[in-house]
Amino acid sequence: MLLVIANEPWQKAGTREVSGAEDRFAVVSAAVEGIRGLEASRIEIDRGGPSYTADTIQELRTTHPEAELFLAVGSDVEAELGTWHRLEEIVKTVTLVVVERAGTTAPAGPAHESQWAGPVHHVRMPTLDISSSELRERLEQGLSVDFLIPEPAIRLIRRLGLYSVGR
């Protein structure tokens, strides 16, 4: 599974401060270090510019034409699919995998169907009831994130001074 780090997350531009792509890549790489089957990917960083999932899928389709592609998103992201750039292309190319997130419910009915007309699988898994925003807030406030973030990633976040007060 590729964990793709956005170069420029266009939907977050101007809404909040976003750490640099290289720092986010380093943290994700540290978090999955030694975990078989997970890999941090810099495909969007290397391409440069705003990160669009449609471009990434197109590139993966070109480099791996025989691969069956799945796009995994959290259930909170599923509700935003209608805002995605070139969603029609994405729907034709991948199977959507929605990972149920504590505190969110999957959209249902006609609005959901108009956003995603392709194959979709919903996956329930044990989760910690905490979002990335809450983790950033804990780090900014100097609160512990032990056992919420893999230790190698915590060490890197501290070394780089990410998400600290006044940053």
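Details
For every residue, the table says whether it meets (1) under 29 Å from residue 149 (Cβ atoms); (2) surrounded by 13 or more Cβ atoms within 10 Å (Cβ to Cβ); (3) at pLDDT below 90.
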position	(1), (2), (3)
61	no, yes, no
73	yes, yes, no
85	no, yes, no
94	yes, yes, no
101	yes, yes, yes
116	no, yes, yes
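- Test: residue 8 is at pLDDT below 95, of a type in the set (Asp, Glu), exposed (fewer than 15 other Cβ atoms within 10 Å of the Cβ) and under 26 Å from residue 164 (Cβ atoms): no
- Selection status of residue 77, in contact with a Gly (Cβ under 7 Å, 6 or more places away or on another chain) and of a type in the set (Val, Ile, Thr): no
- Checked against the criterion of being closer than 29 Å to residue 129 by Cα and not assigned by TED's automatic domain parsing to the domain that holds residue 160, the candidates 37, 82, 14 yield just one match: 82.
- Here the condition is being in contact (Cβ under 8 Å) with a residue 12 or more places away in the chain, farther than 25 Å from residue 118 by Cα, in contact with a Pro (Cβ under 7 Å, 6 or more places away or on another chain) and surrounded by 13 or more Cβ atoms within 10 Å (Cβ to Cβ); of 30, 26, it holds for 30 alone.
The values are calculated or read from the model by the stated rules, or taken from the named source; none is laboratory data. None of these values were measured; they are calculated from a predicted model. Every residue, glycine among them, receives a Cβ derived from its backbone with ideal geometry; neighbour counts consider all protein chains shown.
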